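A quick write-up on the structure given underneath.
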Amino acid sequence: MPPSSPRRPGGAAALAVVAAALLLLASASLFVGSAGLTPRAVLAGDPAALRLLLASRLPRTLAVLLAGLSLGIAAVLMQVLFRNRFVEPTTAGTADFAGLGLVLAAILAPGLPVWGKMLVATGFALVGTAIFLRIVGRIAWRDDAVVPLIGLMLGGVVGAASAFLAYRFDLVQMLSAWTSGDFSGVLRGRYELLWFAGGVAILAYAAADRFTVAGLGENFSTNLGLDHRATVRAGLAVVALVTASCTVTVGMVPFLGLMVANGVCLVMGDNLRRSLPWIALAGAAFLLLCDMAGRLVHFPYEIPVGTVAGVVGSGLFLQMLLSRRVRLG
């Protein structure tokens, strides 16, 4: 018998390899852009280096990974449920409504704890997504590119209202922190809400098959016995919770899901059961690379992660609009 050809690693093995590579990248990022922290100092047990590592660098790296993971999953859920590859929280007005909720919470209840702010932002994100759905439902011509442009215009109007209120009540600096993804202020005790966002996003994997079927349309999913409206509501609730948690903790990160979800789905297909783990890893890796680039481009100064991701993501968004290679099936 001829010798058998070597077997390629299966999906689980490939995921494990990618996860290990991401872990190595995350370990390296702990020391990038920090003159006062080196691997030698940590291995030598330097107390100052260990305090800096545990209080700042490790929480920041975990926050980046959790935000990238959860935002990538939230984006692909929106794309599947809206059946449009150009939709994500920052192109559907969801993030802007969450920001408006935070501004109103700061005005009306300035002493509200962070959990309360997250709940307020989640409620506004759900309302904003519902308004976006209602507007899109009334449009006869639903071109792939028109739908996200409507979301961007809606988000622009809401963002202008937030800016006016922030200016009126002297909250401009606070609004700036919520609208630009910046991990420089992440410390131990100030990022733990992102564990909740990551947990909610990972729980979406349990209902991945339902979301996949719901993305095929209401008539098709109903014929298969699926409660389409309840599934869509559950998916949008996940999106709202993730968006609100990330906005409250580190601010908005534009276009992340647009790149990650589309890039993975072009290779892996639209089956969420198969693609969600890859999207989670890709989102975490992309945001981690943006964070490292922001620390190195203008060292010793730092460029916010949201700015780096926005520049790269907006370029890809324009390319997608012009090439129109990404379409609904």
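Every read-out reported here was derived from the displayed coordinates using simple, explicitly stated rules and does not represent laboratory data. Quantities reported herein were computed from a predicted structural model and do not represent experimental measurements. Quick reminder, even Gly has a Cβ in these numbers, built from the backbone with ideal geometry, and neighbours come from all protein chains shown.
Details
- Residue order, fewest to most surrounding Cβ atoms within 10 angstrom, among 42, 136, 186: 42, 136, 186
- Where only C-alpha atoms are counted, convex hull volume of region 256-299 per residue in Å³: 55 Å³
- The chain: calculated mean residue ellipticity at 222 nm from DSSP helix runs of at least 4, using -39500 (n - 2.57): -22500 deg cm²/dmol
- Taking other Cβ atoms within 10 Å as a rough exposure proxy, 108, 22 sort from fewest to most as 108, 22.
- Pairwise Cα distances in region 18-90 exceed 15 Å in 64 percent of cases.
- Given R0 = 45 Å, the distance between the Cβ atoms of residue 157 and residue 115 translates into a calculated FRET efficiency of 0.95.
- Counted as membrane-span-like here are DSSP H helices of the chain whose alpha-carbon atoms extend 15 Å or more along the helix's own axis and whose Kyte-Doolittle mean is -0.5 or above; these are 11-29, 58-82, 94-108, 114-137, 146-168, 193-203, 228-249, 256-268, 272-296, 305-323.
- Cα-centre dipole for the chain with unit charges at Cβ (Lys and Arg positive, Asp and Glu negative), debye to 20: 440 debye
- Contact order normalised by residue count of region 152-247, Cα under 8 Å, 6+ apart, percent: 30 percent
- Once C-alpha pairs closer than 8 Å and six or more residues apart are averaged by separation and normalised to the residue number of the chain, the relative contact order reads 29 percent.
- For region 206-286, Kirkwood radius (reciprocal of mean inverse C-alpha pair distance, Å): 13.9 Å
- Largest-first ellipsoid semi-axes for the chain, taking √(5λ) over the Cα gyration tensor eigenvalues, angstrom: 31, 29, 17
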